[in-house]
Structures are given as C-alpha cells and as structure tokens.
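The structure under discussion appears below in the form of structure tokens.
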Amino acid sequence: MPKQKVVVITGASSGIGEATARLLAQNGYCVFGGARNPSRARPISGVKFGTLDVTDDASVVSFVDWVLSEAGKIDILINNAGVSLAGPVEQTSIAEATKVFDVNVFGPLRMIRAVLPSMRSARSGLIVNISSVLGFLPAPFMGIYASTKHALEGMSESLDHEIRDFNVRVILMEPAFTNTNLDVNSANTEAPLGVYSSQVEATMKTVVAQIKSAPGPELVAERILAALEGPYKMRQPVGRQATLLSRLRRFVPAKGFDGSLRKSFGFRKA
Ligand code: NDP
C-alpha cells in the first residue's frame, strides 16, 4: 500500500480536473484520473488514467475496484466531472435536464457509494465535491446547471453529517467562472428560444466573455491543494470574486442583491 495519499479525480482529462491531477501529482500524491476515453487524455507524469463514465454504474464500480486493487486504499475522492446546459428553464426538456443531473449529481452519488465502504473501514477519508458559485447563487438561463449544483451542495451537507463519525468529511469547492472548455463541451437547450431569444443571446455573450477573461483552472487546483493540506472547512469559494459573492449573498438584503444580479446580466430592473 503506498505511503502517499491516494487521490481519485473524476473528469481528469481536461480543465479543472486535469490541472488538479497535475498539481497533486507534482506535490507527492498518488493520483488516479478518470476519463471516458483515457487514450484521448494528455498523459500527466505521476497520474494513472482509467476509463470512467460517471453516468454508468458498472464503469464506476470497475474503476474504483481497479484503483483499490492497484493502491489498496482511496484517501481522497474529488468529484470534478461535470457538464453545463444553457437555455431558458421553460424551453428545457426533461431528457435534457436528466442528462445534466446524471453527470453532476448522480455521478458524484455513484462515486461516493462506491468509495465510502473502503473509507469507512479505514476510518479515514475526504470527499471533495466541485460545486460552483451557481451552487449558492442561481443565474438566468443556467437554471438546470444551477439546480444540479444546489442539489450537490444539499447532498454534500447531509452526507457530511452522516459520515463524520467514521472520520470522513465532505468539502465543497465553489469556483467562479474559470477559463476552461466547459462552455464548449456543454450543450444548449434544443427547443427554439422564442420569446427569450434576445435576452438569452445577450446573457450568453456576457457569460462567454466572463469565462474567457477568467483565471485558468490552475487557480482552482491550487485552492484544492490548499484545502487538502489546510484546516477543514466545508464551503470554500475559489478566488476573490467567488468569496465576495458568497459574502454578499449571505449579508446583502435579498432585494438589493436581486437588483444587482439582474443588472450584471443586462436584465430590466423589476
Ligand atoms: P471541462 O469541460 O474542461 O471538464 C469537464 C470534465 O468532465 C471533462 O474531463 C469530461 O471528461 C468530464 N466528464 C463529462 N461527462 C462525464 C461523464 N459522463 N463521466 C466522466 N467524466 C465526464 O470543464 P471544467 O474543468 O470547467 O469543469 C470541471 C468541474 O468544474 C465541473 O463540475 C464544473 O461544473 C465545475 N465548474 C466549472 C466552472 C467554469 O467556469 N469552468 C466554474 C465552476 C464550477 P471527458 O473527457 O470524458 O469528456
């Protein structure tokens, strides 16, 4: 069994997952990365890639079994794999919403169910769930994505109570916009935008511009490393913008907050 801490990262083939896998390997962790197609993932020194589709029960079980057979333990699980969906809630089909929930909520649930027995019997473990600012602050035309991150936050907080006696804890990382390919890799609702058309286009322009000028995934990776090595704290906004938004959300009266959020997305004051 390796003396190093063994980390599993889902969605390690790009963006935040890839940057985190690289940084943790450079810092002495034994890293296992999941990717739907490992042959397409860029090799990273010190990271072992395995096939993992978090929407597939059998894939999750065989990936976790493989890591346990190679390393004998899993100290840290980072549920990073995620997809987004842009579009008006009214125009979202149940099938489209189900797909996003399957990756962003049921994916972490599958991983947690597969990994927890070994963490509980070792009486040690940490689960890091990658949420988002949208996990505490919903934005227009990202209603389904925001609801998956709210669901992930709720599940994480419940779970943390349930497993604390086994010396296993849950952390939520809450990044703001990060310059990855999440927008390119993710879908837009398929139904015609209809009455929402001009507002969706304006909002998405703002969102894409914010993503392109945002910090890269290395910032989130650094914050994850700091969370693994620092004192425990459940909710960890990533970066200055996320920290500020998290504080404003808690302390600014709802009406004022609502007005400034609408303004920032170019909505009429209501
Ligand atoms: P990327 O699109 O770069 O990475 C997403 C990763 O998820 C890919 O590695 C992809 O792997 C993987 N993935 C998608 N579907 C599945 C699946 N069914 N099974 C296994 N892996 C899957 O985006 P980011 O790096 O930006 O996103 C990572 C996380 O960070 C997500 O949870 C996202 O919600 C969150 N986040 C992102 C922000 C941003 O602005 N970018 C802000 C806040 C949070 P594959 O190669 O198999 O497609």
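The values are calculated or read from the model by the stated rules, or taken from the named source; none is laboratory data. Not measured: the values here are computed from a predicted model. Positions of Cβ are backbone-derived with ideal geometry, glycine not excepted, and every protein chain shown enters the neighbour counts.
Determine whether A176 is within 18 Å of R250 (Cα to Cα) and either surrounded by 23 or more Cβ atoms within 10 Å (Cβ to Cβ) or polar (S, T, N, Q) (or both). Even if it seems obvious, please write down each step before you answer.
Working: within 18 Å of R250 (Cα to Cα): yes; either surrounded by 23 or more Cβ atoms within 10 Å (Cβ to Cβ) or polar (S, T, N, Q) (or both): yes.
Here the answer is yes, as A176 does meet what is asked.
Can we say A187 is of a type outside the set (S, T, Y), over 15 Å from the mean Cα position of the chain (by Cα) and surrounded by 13 or more Cβ atoms within 10 Å (Cβ to Cβ)?
Values: of a type outside the set (S, T, Y): yes; over 15 Å from the mean Cα position of the chain (by Cα): yes; surrounded by 13 or more Cβ atoms within 10 Å (Cβ to Cβ): yes.
Yes; evaluated as a whole, the condition is true for this residue.
Tell me which residues, restricted to the range 33-62, are touching a strand residue (DSSP E or B) at 6+ places or on another chain (Cβ under 7 Å) and either surrounded by 23 or more Cβ atoms within 10 Å (Cβ to Cβ) or aliphatic (A, V, I, L, M) (or both).
Matches in the range 33-62: G33, G34, A35, A41, V47, L52.
Table: residues versus (1) exposed (fewer than 11 other Cβ atoms within 10 Å of the Cβ); (2) not in a helix (DSSP H, G or I).
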{"site": "P237", "(1), (2)": "no, yes"}
{"site": "A242", "(1), (2)": "no, no"}
{"site": "L245", "(1), (2)": "no, no"}
{"site": "L248", "(1), (2)": "no, no"}
{"site": "G256", "(1), (2)": "yes, no"}
{"site": "G259", "(1), (2)": "no, no"}
{"site": "K269", "(1), (2)": "yes, yes"}
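Of all residues in the range 194-221 being surrounded by 11 or more Cβ atoms within 10 Å (Cβ to Cβ), more than 12 Å from the ligand (Cβ to nearest atom) and in contact (Cβ under 8 Å) with a residue 12 or more places away in the chain, which is farthest from G87 (Cα to Cα)?
It comes out as T206.
What number of residues in the range 194-247 are more than 20 Å from V170 (Cβ to Cβ) and in contact with a Ser or Thr (Cβ under 8 Å, 6 or more places away or on another chain)?
Total meeting the criteria: 7.
List the number of the failed condition for A226; all other conditions in (1) of a type in the set (A, V, I, L, M, F, W, C); (2) more than 15 Å from the chain's Cα centre (by Cα); (3) buried (at least 16 other Cβ atoms within 10 Å of the Cβ); (4) under 28 Å from Q26 (Cα atoms) hold.
(3)
I need the full set of residues from the range 49-107 which are touching a residue at least 40 places away in the same chain (Cβ under 8 Å), part of a strand (DSSP E or B) and farther than 24 Å from S158 by Cβ, in order please.
If the condition is that a residue be touching a residue at least 40 places away in the same chain (Cβ under 8 Å), part of a strand (DSSP E or B) and farther than 24 Å from S158 by Cβ, then L85, A86, G87 are the ones that fit.
Of the conditions (1) within 24 Å of E222 (Cα to Cα); (2) in contact with a helix residue (DSSP H, G or I) (Cβ under 7 Å, 6 or more places away or on another chain); (3) assigned to a loop (DSSP other than H, G, I, E, B), L23 clears all except one; give me its number.
Failed condition: (3).
Can you go through L126, L85, L116, L77 and tell me which one is surrounded by 17 or more Cβ atoms within 10 Å (Cβ to Cβ), modelled with pLDDT of 95 or more, away from the ligand (no atom under 16 Å from the Cβ) and within 16 Å of the chain's Cα centre (by Cα)? Spell out how you get there, then give the answer.
Details: L85 fails: away from the ligand (no atom under 16 Å from the Cβ); L116 fails: within 16 Å of the chain's Cα centre (by Cα); L77 fails: away from the ligand (no atom under 16 Å from the Cβ).
Of L126, L85, L116, L77, the one residue that is surrounded by 17 or more Cβ atoms within 10 Å (Cβ to Cβ), modelled with pLDDT of 95 or more, away from the ligand (no atom under 16 Å from the Cβ) and within 16 Å of the chain's Cα centre (by Cα) is L126.
Considering the range 11-22 alone, what residues qualify as being near the ligand (Cβ under 6 Å from one of its atoms) and over 16 Å from L228 (Cβ atoms)?
Going through the range 11-22, the residues near the ligand (Cβ under 6 Å from one of its atoms) turn out to be 11, 13-17.
Answer for the range 11-22, where residues must be near the ligand (Cβ under 6 Å from one of its atoms) and over 16 Å from L228 (Cβ atoms): G11, S13, S14, G15.
Among (1) charged (D, E, K, R); (2) buried (at least 16 other Cβ atoms within 10 Å of the Cβ); (3) over 19 Å from M1 (Cα atoms), where does E90 come up short?
Only one criterion in (1) charged (D, E, K, R); (2) buried (at least 16 other Cβ atoms within 10 Å of the Cβ); (3) over 19 Å from M1 (Cα atoms) is unmet by E90, namely (2).
Specify the residue that is farthest from the ligand (Cβ to nearest atom); the eligible residues are those in the range 129-146 that are free of Cβ contacts under 8 Å to residues at least 24 places away in the same chain and in a helix (DSSP H, G or I).
Filtering the range 129-146 for residues that are free of Cβ contacts under 8 Å to residues at least 24 places away in the same chain and in a helix (DSSP H, G or I), the one farthest from the ligand (Cβ to nearest atom) comes out as A146.
In the range 30-48, which residues are in contact with a Leu (Cβ under 8 Å, 6 or more places away or on another chain) and either more than 13 Å from the ligand (Cβ to nearest atom) or assigned to a strand (DSSP E or B) (or both)? Don't jump to the end; show me each part of the working.
Just the residues of the range 30-48 that are in contact with a Leu (Cβ under 8 Å, 6 or more places away or on another chain), to begin with: 31, 34-36.
Answer for the range 30-48, where residues must be in contact with a Leu (Cβ under 8 Å, 6 or more places away or on another chain) and either more than 13 Å from the ligand (Cβ to nearest atom) or assigned to a strand (DSSP E or B) (or both): V31, G34, A35.
Can you pull out the residues in the range 154-173 that are buried (at least 19 other Cβ atoms within 10 Å of the Cβ) and either within 15 Å of the chain's Cα centre (by Cα) or in a helix (DSSP H, G or I) (or both)?
Listed by number, the residues that qualify are S156, L159, V170, I171, L172, M173.
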